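This report refers to the structure that appears directly beneath it.
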Amino acid sequence: MSQMNIEEIKEFAKAIRRTAVTMAYKTRTSHTGGTLSQADVLAVLYSGVLNCSPDRMDDPTRDRFIESKGHNCASYYAALALKGFMNNDELMEQYCQNGSEYFEHVSHKLPGVELSTGSLGHGFPVAAGMALGSKRSNTPFNVYCIIGDGEINEGSNWEAMMFAAHHKLDNLCVILDKNQMQAMGDTKDIMCLDPMAEKIRAFQWNVCDIDGNDVEQIIAAFESFKKCKDKPTFIVANTVKGKGVSYMEHNLKFHYSAPNEEEYKQAMEELK
Amino acid sequence: MRTSFINQLLEEAKQNEKIFLIIGDLGYHVVEPFMEAIPERFLNAGIAEQNMAGVAAGLAMTGYNVYIYSIGNFPTLRCLEQIRNDIAYHKANVKIVSVGAGYAYGSLGATHQPTEEIGALRAIPNMVVATPGDPVEARAIAKFSADYDGPMYIRLGKAGETVAHSEASLTVNAGDILPVMLKEGNKKAVLACGNIMAAAKSQIEEQRLPYDLYSVPFVKPLNKAQLKAIVENHPDGLITIEEHQASCGMGSAIVECVNDMFAEGELNTYPHIKRTAIPDEFAPVVGTQTYLREYEGLRIN
């Protein structure tokens, strides 16, 4: 992890964003804001943090990653395609097309994917179960799970929060993509989450409160996770919804709408 | 029944290191032998069934055959979407075990009376739904489930149920309909599931009813060939009896299967089928299991 190339990761994050926006544009699909906010975390994870590769998906010692924000599959699929887990051409041709398995929510039928998600609040408990399985079977691996700040309204996350701390699952790292918006508006107006980091610390987790669009801070947070013993790690990744495309940033419209032709061209310019 | 099941599960777990038991903070005086014998494959997940079901799915995905255990509605309806998405959709090797079927916890009220969950779970693809009728069947289902790789619901009674089968032990395959009491010349058959089966047997014996009795230990799948043979051998028809809502339980499954066989030309005549089940209501009064069965009309007529 110490040899990670910051510039390469930033370029990878841009490539993820370009692919994800292109998928949304071509298929007129939604949820682009949240798919962009998490792109930097995905870029770091798939640049050496996650101990996994396309030829190791059957290896019981591979690290697991769960994208619990299933509606934000575009940037996740983009990362998998760019790293060779899935075929990029096939993804671009088949995403959301009749008869394909490239659903608009994360599907375990696709190569590189551990868990289908879409209904919120499911990924975290399953990730905790995998982490427990590693401990009980003496099969060492880490489990990473991205959840959303709208998603954390769901009570199942808080059940898993208690569970993971109680069982000292220090091989579990949950990343909260805190982009401050959910389906109908700002999280602070719908279900106030703050002070998030303090809340999670009170649950006896190792907490990193970072700029979730800053690659170096993300790397440092994963280093903290790998060093921490006897506590699971929770990374509060403070991000910007729509990050990287100026007119999408902090704009609820792109939870629902795909960019038009002019907007798409502008996005590709900004993501060069 | 629950003790027979857990004791058999413990025997299986001693031989099979993949078996893992998670309880939802219930099972006092039942699960302790397992907990003491195999602590490394036992866990109390607390009172948090959504998490318990999700954890079970994740644990199964690392190679375990995971049993989650709690009372009636808690490991089923409370976490139904986790069962659907995390367990069934992924074909995760998780067994959902509920105790207190129907009115077993009669005095505890409607919250503790699972009377709809067969319907909820049998509607979910990839699920096997097991409803053992007595302690012998509970042990047989425990053995079956230890070797079965996939999602399964196991609906148990409580304690002290009557043994209905004359055999000390049985081997079952998914979908089997088991003969319990047959007599040459009987033209009508009773199909029972769950621990009301023993009550049906007693009633048939006491009233000397000319009915054959079968147990339906699997509501899903149903063995079509066995059901077809039962229908064809009983020209006066069938009576189903269960401790579950009429709209979606075993009787519904039997009617659907018979109807489909008739529609497809696999049955030449459409049998008379009388369903005995709860008439779309929560029991409005308190009572013992026997009292509530009578109150809701759960007896062979």
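The values are calculated or read from the model by the stated rules, or taken from the named source; none is laboratory data. Given the structure is predicted, the values throughout are model-derived calculations rather than measurements. Note that each Cβ is placed from the backbone with ideal geometry, even for glycine, and that neighbours are counted across all protein chains shown.
Go through (1) modelled with pLDDT under 95; (2) in contact with a His (Cβ under 6 Å, 6 or more places away or on another chain) one by one and return the number of the condition B:Arg2 breaks.
Looking at each condition in turn, B:Arg2 falls short on (2).
Does at least one position in segment B:262-278 carry a residue that is over 25 Å from B:Thr115 (Cβ atoms) and not in a loop (DSSP other than H, G, I, E, B)?
Within segment B:262-278, one or more residues are over 25 Å from B:Thr115 (Cβ atoms) and not in a loop (DSSP other than H, G, I, E, B).
Taking the conditions exactly as written (over 27 Å from B:Cys79 (Cα atoms), more than 14 Å from every other protein chain (Cβ to nearest Cβ) and among the polar types (S, T, N, Q)), does A:Thr27 satisfy them or not?
Yes.
Please go through (1) on the phi > 0 side of the Ramachandran plot; (2) at pLDDT 95 or above for B:Gly160 and return the number of the only condition it doesn't satisfy.
So B:Gly160 meets the others, but not (2).
Any idea which of A:Asp209, A:Asp194 is in a loop (DSSP other than H, G, I, E, B), over 18 Å from A:Ala43 (Cβ atoms) and of a type in the set (D, E, K, R)?
Going through A:Asp209, A:Asp194 in turn, the sole match is A:Asp194.
Go through segment A:155-206 and give me each residue that's of a type in the set (A, V, I, L, M, F, W, C), over 25 Å from A:His255 (Cβ atoms) and touching a residue at least 40 places away in the same chain (Cβ under 8 Å).
A:Met161, A:Met162, A:Ala164, A:Ala165, A:Leu169, A:Leu172, A:Cys173, A:Phe203, A:Trp205
Considering only segment B:145-170, how many residues are surrounded by 23 or more Cβ atoms within 10 Å (Cβ to Cβ) and among the hydrophobic types (A, V, I, L, M, F, W, C)?
4
Search segment A:163-182 for residues being part of a strand (DSSP E or B) and surrounded by 24 or more Cβ atoms within 10 Å (Cβ to Cβ), and hand back the single one that is modelled with the lowest pLDDT.
A:Met181
Is it fair to say A:Ser37 is under 17 Å from A:Val174 (Cα atoms) and crowded, with 17+ Cβ neighbours inside 10 Å?
yes
Check A:Ile146 against each of (1) over 22 Å from A:Ser224 (Cα atoms); (2) more than 10 Å from every other protein chain (Cβ to nearest Cβ); (3) outside any loop (DSSP other than H, G, I, E, B) and name the one condition it does not meet.
Here A:Ile146 meets the rest and fails (1).
Among the candidates B:Pro125, B:Pro114, which residue alone is outside the structural domain of B:Arg275 (by TED's automatic domain parsing), within 15 Å of the chain's Cα centre (by Cα) and in a loop (DSSP other than H, G, I, E, B)?
Working: B:Pro125 fails: within 15 Å of the chain's Cα centre (by Cα).
Going through B:Pro125, B:Pro114 in turn, the sole match is B:Pro114.
Which helices (runs of 4 or more DSSP H) does segment B:1-87 wholly contain that include 3 or more residues that are crowded, with 20+ Cβ neighbours inside 10 Å, in contact with a strand residue (DSSP E or B) (Cβ under 8 Å, 6 or more places away or on another chain) and not hydroxyl-bearing (Ser, Thr, Tyr)?
Answer list for segment B:1-87: B:2-15, B:49-61.
For every residue, the table says whether it meets (1) free of Cβ contacts under 8 Å to residues at least 24 places away in the same chain; (2) crowded, with 19+ Cβ neighbours inside 10 Å; (3) among the small types (Gly, Ala, Ser).
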{"site": "A:Asp55", "(1), (2), (3)": "yes, no, no"}
{"site": "A:Gly70", "(1), (2), (3)": "no, yes, yes"}
{"site": "A:Leu91", "(1), (2), (3)": "no, yes, no"}
{"site": "A:Glu114", "(1), (2), (3)": "no, yes, no"}
{"site": "A:Phe124", "(1), (2), (3)": "no, yes, no"}
{"site": "A:Met130", "(1), (2), (3)": "no, yes, no"}
{"site": "A:Thr139", "(1), (2), (3)": "no, no, no"}
{"site": "A:Asn142", "(1), (2), (3)": "no, yes, no"}
{"site": "A:Glu151", "(1), (2), (3)": "no, yes, no"}
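So which of A:Asn251, A:Asn260, A:Asn213 ends up being over 19 Å from the mean Cα position of the chain (by Cα) and touching a residue at least 60 places away in the same chain (Cβ under 8 Å)?
A:Asn251 is the lone residue from the list that is over 19 Å from the mean Cα position of the chain (by Cα) and touching a residue at least 60 places away in the same chain (Cβ under 8 Å).
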